[in-house]
Amino acid sequence: MDFTDFGQTIKENVGRVIIGKPDVTELLLVALLTEGHVLLEDVPGIGKTTLAKALARSLDCSFARIQFTPDLLPSDVTGLNYYNQKSQEFEFRPGPVLNQLLLGDEINRATPRTQSSLLEAMQEHQVTVDGVTYPLPRPFLVMATQNPIELEGTFPLPEAQLDRFLMQVRLGYPTEEEEEEILLAYELQDPFVGLESVVSTDDVLQLQLGVRKIHISADVRHYILEVVRSTREHEAVDLGVSPRGTLSLYKASQALAALRGRDFVIPSDVQYLCAPVLTHRLHISPQIRLRGRTPAEVVTEIVGSVPVPVVE
């Protein structure tokens with residue numbers, strides 16, 4: 001299976017459940033192919049949980065959902081060793097993180113200690129419990145959700161946690177036509193009930209290896225560097241994009257080009273991904289924030305100010 005067939009097949013299958021969001025599904029596939037993770041930030045009822053479940057079902061991946069709450073413990077995420085009275089030995093009980101696709105619902109409701117239990121898994125694809133390290137299954141994708149409106153009883157994600165998400169994505173409200181289509185699709189039966197897997201995990205693993213071979217010319221590579229470096233020098237920014245963010249934009253551009261049927265990256269691939277990949281990594285100054293400017297606006301301004309290379 002090639003990249004375009006993979007992308008089209010998944011988008012069509014997920015589109016049976018999530019109406020009118022092929023661009024969001026494409027971004028999730030970019031994260032999957034680059035072994036990155038996604039933070040879904042939007043109001044309740046948009047379909048974030050359903051989207052995660054539909055993607056897992058389409059890929060034939062094991063799926064687990066964690067409802068983050070203030071009393072959730074790190075061991076509830078990673079697993080724990082318990083004493084088996086029958087065997088008279090300690091045994092490891094795996095946590096939900098030892099699945100291929102993990103949905104962390106309302107991640108900002110958990111305490112910082114519990115939030116940090118995902119750091120090792122997201123960066124190193126492993127978890128360590130009582131000094132023993134357990135590798136995670138592949139492919140591995142974390143999708144976390146948070147409500148941007150409700151702040152009471154939440155713990156904002158620190159920069160170190162945000163930086164481990166490849167991208168931050170908003171689903172947004174559907175159009176009137178799309179919402180009517182949703183009503184008709186769910187009129188008689190939940191379409192998720194009949195949803196089947198259309199791509200094997202072996203195909204995903206092969207595509208993950210292939211995406212690294214997508215060519216990026218020296219001009220486009222320097223363009224990525226200039227955009228990222230501009231975030232560190234902009235007057236409105238206190239904390240710019242880290243080298244991890246540079247690498248994320250580089251890899252994501254390769255995956256997007258592959259999904260769009262090319263074996264090389266063009267500047268428009270980079271421009272398209274700057275908002276989801278860079279915005280959540282910026283920390284703008286309080287004075288700029290009080291003036292009503294947002295990180296997304298700053299990223300747009302930076303992208304518009306960097307000269308675009310001409311690629312033949």
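Rule-based calculations on the coordinates, nothing more; no lab input. Only a predicted model underlies this, so the values are computations on that prediction, with no experimental measurement involved. Cβ placement follows ideal geometry from the backbone for every residue including glycine, while neighbour counts extend to all protein chains displayed.
Taken one residue at a time, the phi angles of the stretch 4-14 give Karplus couplings (6.51, -1.76, 1.60, θ = phi - 60°) of 5, 4, 4, x, 5, 4, 5, 4, 5, 5, 5 Hz. Gly and Pro are set to x.
The modelled label-to-label distance between LEU239 and VAL310, using points 7 Å beyond Cα along the C-beta direction, is 4.1 nm.
A Förster distance of 25 Å, applied to the separation of the beta-carbon atoms of ASP60 and HIS125, puts the FRET efficiency at 0.80. Put in order of Cβ neighbour count within 10 Å, fewest first, the listed residues TYR173, TYR134, TYR83 become TYR83, TYR173, TYR134.
By the count of other C-beta atoms within 10 Å, a proxy for reagent exposure, MET1, MET143 are ordered fewest to most as MET1, MET143. With a Cα cut-off of under 15 Å and a minimum spacing of 8 residues unless on different chains, the lysine pairs in the chain number 5.
Rounded to the nearest 20, the Cβ-based charge dipole of the chain about its Cα centre (Lys and Arg +1, Asp and Glu -1) stands at 860 debye. When only Cα pairs below 8 angstrom with a gap of at least 6 residues are kept, the stretch 3-203 shows a relative contact order of 32 percent. Only helices enter the 222 nm calculation for the chain: every DSSP H run of n ≥ 4 contributes -39,500 (n - 2.57), and dividing by all residues gives -12500 deg cm²/dmol, rounded to 500.
If the chain linking TYR82 and VAL43 were pulled fully straight, counting 0.36 nm for each residue of separation and taking away their Cα-Cα distance, it would gain 10.2 nm. Exposure proxy shown here: for HIS222, HIS125, the number of other Cβ atoms within 10 Å sets the order, fewest to most, as HIS222, HIS125.
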